[in-house]
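Enquirer: Quick one: the structure is below, questions incoming.
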Amino acid sequence: MDEPIENAELAGDNQPEMTLREELEKNLDEIRGRQESEADSSGSANNTAEEEGEQRQQKPVTTESPADKSVADQPDKTVAPTPAAKAPESWSAAEKTVWEKIPPEAQAAIARREADIHRGFEKMGQDAAAGRKFNEAINPYLPIIRAEGGDPVRAVSDLLNTAYVLRTATPERKVALFNQIAQQYNVDLSQVAQYQPRQVDPEVLHLRQQLEQVQGHLAGQHQEQVQHTQAEINRQIQAFSSDPKNEFFDQVREHMGVLIANNLASNLEQAYEQACYANPEVRSMLEQRSAAAAEAKRQEDARVKANAKRRAGSSINGSPGANVPSPAGNQNLSLRDELRANLRAATAS
């Protein structure tokens, strides 16, 4: 049987470690020796069987019973061969080529040893990880430990032992340990017994309470003011958006918010005008409407002027439809002369 890894490691301290080839040759020699001993034992068994056969030949032949014949006719039940083990993953390609040439018994022995080694490495990895965590936890305190002439493992062991005593020892032992710790760290236990937490001045405590009340009141007022201001802003925005003249509010509201937030507009009207002008689609519609309104105003002004001129002419010539006879030869009069003539004619009548 294979020895555990611990024993193998101990033996390795006294004997040089064998190479893989030497180990294989050793295993092969052991297997050959076992095979030769098995062959010798099987040879002696065969000689005994031959002698027994000769004795049976000298005895009278007995008739084989049907039961014996049925047993003889049954097929032999052979044990299925054990599947061959695979070459260890740690072996190189050249070493794996030799694997098939190794007897199955040696393969099984090598596989067991490889498994033991693998388990040993896993345990070593776990121990190494625990060691790293221990070092990370103890590193900040190494200067103190070394200054006292100790080592990390001993320091942690002492601390754990102190905690164990304080949890499990008798009251007398705990008191003794406290005295020992106090002496070690220069702590006067008499001062510890007389120590009392500092009392707060009642007047200071009262002032603190009043200050907290004032702060709470101011915070409540501020919150109420913020809510009122927000409600008023929401009301103004709702009224502004509902006004028909601000029909493009939904299209430019985000831009308006940016302008107001960056103090680029002082009120909603300015923000709306700037946002509409900055929006190409809205600006185009507003320019078309402005041009149409200007044209309509021009036409209205022309119509008003024409009507005024007609009314002025009617008042000078008399009542509508009246034919004022023109003096003879007035076709060549100037406008001033014609107006004077018409005025004289009107006053004369």
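Quick note: the coordinates plus some simple rules give every number you see, no bench work behind them. Only a predicted model underlies this, so the values are computations on that prediction, with no experimental measurement involved. Here Cβ is always computed from backbone atoms with ideal geometry, including for glycine, and neighbour counts include all displayed protein chains.
Enquirer: Based on alpha-carbon atoms only, what is the radius of gyration of region 145-302 relative to the globular estimate 2.2 N^0.38 Å?
Expert: It is 2.61.
Enquirer: Going by C-beta contacts inside 10 Å, put 303, 113 in order with the fewest on the left.
Expert: Lowest count first: 303, 113.
Enquirer: Under a no-solvent Debye model with one identical scatterer per Cα of region 203-242, what's log10 I(q)/I(0) at q = 0.14, 0.17, 0.19, 0.29 Å⁻¹?
Expert: Here the Debye-derived log intensity ratios amount to -0.48, -0.57, -0.62, -0.85.
Enquirer: Please give the contour-minus-distance gain from residue 183 to residue 199: 0.36 nm per residue of separation, less the Cα-Cα distance, rounded to one decimal in nm.
Expert: Contour length minus Cα-Cα distance gives 2.8 nm.
Enquirer: So what J values fall out for region 174-188 if you push phi through Karplus, 6.51 cos²θ - 1.76 cosθ + 1.60 with θ = phi - 60°, rounded to Hz, Gly and Pro as x?
Expert: 5, 4, 4, 5, 4, 4, 5, 5, 4, 5, 5, 10, 6, 10, 7
Enquirer: OK, next. Return the Rg/Rh value of region 128-225, two decimal places, where both radii are evaluated on C-alpha atoms and Rh is the Kirkwood radius.
Expert: Reported Rg/Rh (Cα atoms, Kirkwood Rh): 1.30.
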